[in-house]
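Colleague: One structure, pasted below without further comment.
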Amino acid sequence: MFKATWRNFFAHKGRMALSLLVVVLSVGFVSGTLLFTDTIDRTFNTMFATTSADVTVSTPSSQNQSQGAADPTVPAGLVTQLSKVPGTAAARGDVSTQQLVVVDAQGNQLTSSGGAPTLGMNWDPNSKSTALSAGHTPTGPGQVVIDTDTAASQHLVIGNQLKVVSGPGTFHVTIVGLAKFKTLNPGAAFVYFDTPSAQSELLGKTGVFTSVDVTAASGVSDDQLKQNVIKTIGAGYDVKTAAEETTSNMNSLGFISVLRAALLGFAGIALLVGAFLIVNTFQMLVAQRTRELGLLRALGASRRQINRSVRTEALLLGVIGSTLGIGAGFGLASGLIVLMRGAGLTMPAGHLAFQATTPIAGYAVGILVTLAAAWMPARRAARISPMAALRDAGVPEDRRAGRIRTAVGLLVTGAGAAALVAAAHSSGGSGGALLGLGVLTTLIGAVLIGPFLASGVIRVLGAALPGLFGPAGLLAKRNALRNPRRTGATAAALMIGLSLVSGLSVVSSSLLASASEQLDTSVGADFIITANGSLPVTAQAITAAKSTPGLAHVTENKDIQGKVGTQQVQADFFASSVTMPQDFTAKTVQGNMANVFSGDGIALPQSFATAQHITLGESVPVTFAGGTRTTLPVVAITSEDTVFNRGEAYVSLDTLTKSVPASAQPLDLMLFAKADPGQADAAYKALQSKLAPYPQLQVKNQADYKKLLHDQVAQLLDLVYGLLGLAIVVAILGVVNTLALSVVERTREIGLLRAVGFSRRSVRRMIRLESVLIALFGAVLGLGLGMGWGISAQHLLASAGLDVLSIPWPTIAAVFAGAGVVGLLAALLPALRASRMKVLRAIATE
């Protein structure tokens with residue numbers, strides 16, 4: 001039996017090729033994802049471990065969470081103090097900030113090719129990460145060194161002039177040198193200053209550093225040096241060893257875990273779709289080999305041997321496909337690294353981090369999925385009786401099993417629909433779990449009842465085919481209905497990808513509609529002024545904005561942290577000018593927001609007030625970051641049914657100034673501006689002209705802001721749709737495979753059609769129309785499921801501001817039409833093969 005199985009597998013290589021390709025794609029995606037993310041992990045870990053000081057001393061990160069706040073600093077005297085700590089070989093002060101924007105002589109911003117932040121630092125002649133490659137080091141004001149990668153991407157050379165905008169102000173510098181990375185280039189643009197210039201121009205004052213690096217003396221461990229440092233300077237600082245600093249830096253790279261989860265999630269979708277294809281393939285192969293398997297039974301093969309034979313074929317398919325897939329994973333990982341290079345992250349493509357988990361996961365996924373997919377066809381094959389060898393019958397359809405499958409599918413679908421409804425009406429934390437349960441169960445239910453639905457839906461979809469295409473249309477419709485189980489399984493592969501596309505489309509469309517409506521109803525300002533990245537709006541820019549002709553007023557907005565209540569629980573405050581109510585309307589459940597900005601009071605979000613048992617009118621102790629403790633009345637409770645400033649507390653700038661000195665206040669996060677009546681267009685142009693010298697600022701009217709939101713969502717969706725494209729490709733392969741095997745199965749039938757006058761063109765049309773019907777059936781199921789998921793998700797998120805349901809009908813229609821095109825393309829090769837059959841040879845086929 002093993003020899004027969006082995007010969008049979010390699011004697012029909014063509015019929016296994018598409019199934020093999022699906023295993024290769026799925027395993028390739030999994031192994032490539034693991035290789036890629038493991039390589040990123042190892043590369044960054046090596047970089048951080050190489051560049052981290054033995055001990056790093058800085059202020060606790062919790063002391064500086066407010067946007068627009070100046071970088072936290074330590075006194076320069078700490079360097080001298082740390083250099084005298086027992087076990088210290090040397091101590092050096094560091095300056096590092098992201099709060100700057102650099103532009104060249106043409107006004108182009110100096111950024112990495114991937115848009116990563118620009119970092120301003122003081123030059124370290126003993127740096128472990130960079131070395132001077134050209135020119136000389138910065139030796140005074142107006143001199144900088146930039147990294148070679150940024151210089152190449154921005155076409156900069158030594159001697160070029162640059163303008164630097166930082167929190168303290170704007171100044172001009174000249175490039176005097178280029179620095180090359182010894183380790184990984186993390187993708188940012190680096191600008192190096194001499195230490196005094198970095199302190200005064202980037203931090204706004206001399207005598208401070210952002211951190212201090214301490215080098216251990218020979219024979220002193222990092223842990224021992226850390227303990228000595230803490231004994232010397234006390235517990236008021238954040239002290240980390242090199243290992244702890246590396247771990248902290250790795251933990252800050254949250255995008256790696258998110259990227260891994262996203263890529264593996266889409267790989268799982270591709271595996272699920274591929275499983276349907278493999279199930280379909282083996283079911284059809286078993287049906288086509290009925291006589292062969294029956295003869296084996298007649299010759300003495302047991303049911304167990306037949307079962308084992310089919311499973312052995314699946315095992316061979318899994319092993320070969322997984323091996324090729326792991327190889328494809330290397331290619332995918334290398335390609336992703338090349339893409340990362342395009343984003344400015346110079347990772348070594350030839351040094352992939354190959355770990356044992358990659359081949360283990362690859363083989364486990366490929367083999368287990370293939371064996372699981374072949375389990376039911378193998379059982380069906382084992383039930384073939386020896387008498388089947390004497391007739392041209394396939395495996396008899398088990399009507400009882402079909403009815404049980406349909407009944408179970410209806411129950412599962414009903415339970416999933418109930419979970420989606422419950423999620424839509426849920427207001428607690430269980431809503432997300434209910435939504436996930438509903439999505440999973442309705443998907444399983446749709447797969448189970450697919451054959452039951454196929455009869456009714458395909459009759460409707462194909463109703464016009466006989467009238468439009470004559471006998472070819474009628475036969476295409478009947479062929480699609482001939483085997484509902486096969487049709488349902490083929491359509492299910494396409495259904496999964498399309499359901500996710502439509503569900504995400506509904507959620508994203510609702511997000512944009514909700515944000516647009518809230519922008520119209522909440523934002524009364526004509527113009528919104530924001531700064532790029534973490535750079536705040538500087539005092540000079542505010543002065544320029546306020547001097548713009550045609551503006552009625554400019555509203556300043558700061559973000560600052562505070563501690564509220566007797567327990568001093570942390571809260572984020574939005575501190576604004578007295579004109580804030582004219583420019584932004586925050587929803588309230590109690591009180592009036594106007595009282596916040598016209599007097600000494602605060603507004604708290606509803607969830608915070610409820611959790612801390614704070615009521616309207618109650619006076620509570622408040623300590624703003626950098627200020628003294630004060631007591632303020634709660635004059636409003638804000639609703640959290642909003643997209644903008646969700647969860648923010650509010651306070652007026654006047655109230656903030658009374659407890660926090662101006663020197664300790666963060667710079668402005670954003671500005672609102674209101675034009676004089678009838679002066680909106682002129683004021684817009686004047687404001688853009690006034691703020692042109694400040695390249696870090698973006699001036700947008702409401703229409704521009706809506707477009708920005710749309711573009712941001714569109715970029716995310718493009719990435720998601722691109723990854724889902726793999727599942728669609730696998731689904732197309734499923735349709736191709738089903739049709740190709742169906743053509744083989746119907747060889748004699750097609751020959752008879754040709755004999756009675758069916759033209760080659762009619763045969764091709766019949767196969768193509770059958771494929772389009774199956775694809776459209778999958779689209780109907782997928783779009784219906786996806787819209788149900790999206791509507792449930794929108795209702796669940798209504799309390800978070802997504803209170804407008806928007807179904808993107810043009811997108812839904814385009815996806816439906818695209819499914820028809822997918823079906824048409826998938827049928828090209830099978831239809832061509834069917835039309836080229838020799839009539840007499842086809843009729844003589846057994």
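Colleague: Below 8 Å between Cα atoms, with a sequence gap of 6+, how large is the relative contact order for region 605-713 in percent?
Modeller: In percent, rounded to a whole number, it is 20.
Colleague: Before rounding to the nearest 500, sum -39500 (n - 2.57) across all DSSP H runs of length at least 4 in the chain and divide by the residue total; then give [θ] at 222 nm in deg cm²/dmol.
Modeller: -19000 deg cm²/dmol
Colleague: Oh, and also: Taking R0 as 41 Å, what's the FRET efficiency between Ala90 and Leu339 from their Cβ-Cβ distance, rounded to 0.05?
Modeller: About 0.55, to the nearest 0.05.
Colleague: If I take every Cα pair under 8 Å that is 6 or more residues apart in region 548-678, average their sequence separation and divide by the length, what percent do I get for the relative contact order?
Modeller: 37 percent
Colleague: Short version: ³J(HN,Hα) in whole Hz for each residue of region 90-106, in order, from phi by Karplus 6.51 cos²θ - 1.76 cosθ + 1.60 (θ = phi - 60°), x for Gly and Pro, what are they?
Modeller: 6, 9, 9, x, 10, 10, 8, 8, 9, 7, 7, 10, 10, 10, 8, 5, 8
Colleague: Further, regarding this structure: Compute the Rg/Rh shape ratio of region 448-564: radius of gyration over Kirkwood radius, all on alpha-carbon atoms.
Modeller: So for region 448-564, dividing Rg by the Kirkwood Rh gives 1.40.
Colleague: Hey, another quick one. Using the Cβ atoms and a cut-off under 11 Å, what net charge is assigned to the surroundings of Lys477, where Lys and Arg are +1 and Asp and Glu are -1?
Modeller: Computed value for this residue: +2.
Colleague: Relative contact order of the chain: what whole-number percent is it, with Cα pairs under 8 angstrom and at least 6 residues apart?
Modeller: RCO, the chain: 17 percent.
Colleague: Tilt of helix 680-690 relative to the longest C-alpha principal axis of the chain, in degrees (0 to 90, nearest 10)?
Modeller: 70 degrees
Colleague: Which shape class applies to region 550-673: rounded if a/c is under 1.5, otherwise prolate when a/b exceeds b/c and oblate if not, where a ≥ b ≥ c are the square roots of the Cα gyration tensor eigenvalues?
Modeller: oblate
Colleague: Rounded to the nearest percent, how much of the accessible area of the chain (1.4 Å probe, protein heavy atoms only) is carbon and sulfur?
Modeller: Heavy-atom surface of the chain belonging to carbon and sulfur, 1.4 Å probe: 60 percent.
Colleague: Something else about it: Could you state, as a whole-number percent, how many of the C-alpha pairs of region 795-842 are farther apart than 17 Å?
Modeller: 64 percent
Colleague: For the chain, what ratio Rg/Rh do Cα atoms give with a Kirkwood hydrodynamic radius?
Modeller: 1.06
Colleague: Among the aspartates and glutamates, which fall within straight-line cross-link reach of Lys587, defined as a Cα-Cα distance under 12 Å, with same-chain neighbours fewer than 8 residues apart omitted?
Modeller: Glu640, Asp641, Glu648
Colleague: May I ask for the distance between the Cα centers of region 808-846 and region 184-236, given as a whole number of Å?
Modeller: Spelled out, the Cα-based centre of one part sits 66 Å from the other.
Colleague: Taking the Cβ of Leu653 as the centre, find all other residues whose Cβ is under 9 Å away and add up their charges (Lys, Arg: +1; Asp, Glu: -1).
Modeller: -1
Colleague: Going by average Cβ neighbours within 10 Å, how do the peptides 32-40, 485-493, 174-182 rank, with the highest at the top?
Modeller: 485-493, 32-40, 174-182
Colleague: For the ranges 548-555, 321-328, what's the packing order if you count other beta-carbon atoms within 10 Å of each residue, average per peptide, and put the highest first?
Modeller: Most protected by this proxy first, the peptides run 321-328, 548-555.
Colleague: Could you please report the charge total around Val564, scoring K, R as +1 and D, E as -1 over all other residues with beta-carbon less than 13 angstrom from its beta-carbon?
Modeller: Residues near Val564 contribute -1 overall.
Colleague: By how many degrees, 0 to 90 and rounded to 10, does the Cα axis of helix 399-424 deviate from the longest principal axis of the chain?
Modeller: Once rounded, the angle reads 20 degrees.
Colleague: Can you quote the Å³ per residue value for the convex hull of the Cα atoms in region 81-195, rounded to an integer?
Modeller: 117 Å³
Colleague: Towards the positive end of the charge dipole of the chain, with charges on Cβ (+1 Lys, Arg; -1 Asp, Glu), say which of Val839, Val286, Ser514 has the farthest Cα.
Modeller: Of the candidates, Val839 comes out farthest on the positive side.
Colleague: Using only Cα atoms, tell me the angle between helix 702-745 and the longest principal axis of the chain; keep it within 0 to 90° and round to the nearest 10.
Modeller: Here the helix axis deviates by roughly 20 degrees.
The values are calculated or read from the model by the stated rules, or taken from the named source; none is laboratory data. Worth saying up front: this structure is predicted, and the values here are computed from it rather than measured. Cβ coordinates were reconstructed from backbone atoms using ideal geometry, including for glycine residues, and neighbour counts include every protein chain displayed. Accessible surface is based on the protein model in full, side chains and every heavy atom, while ligands, DNA and RNA are left aside. Shrake-Rupley method; radii C 1.70, N 1.55, O 1.52, S 1.80 Å.
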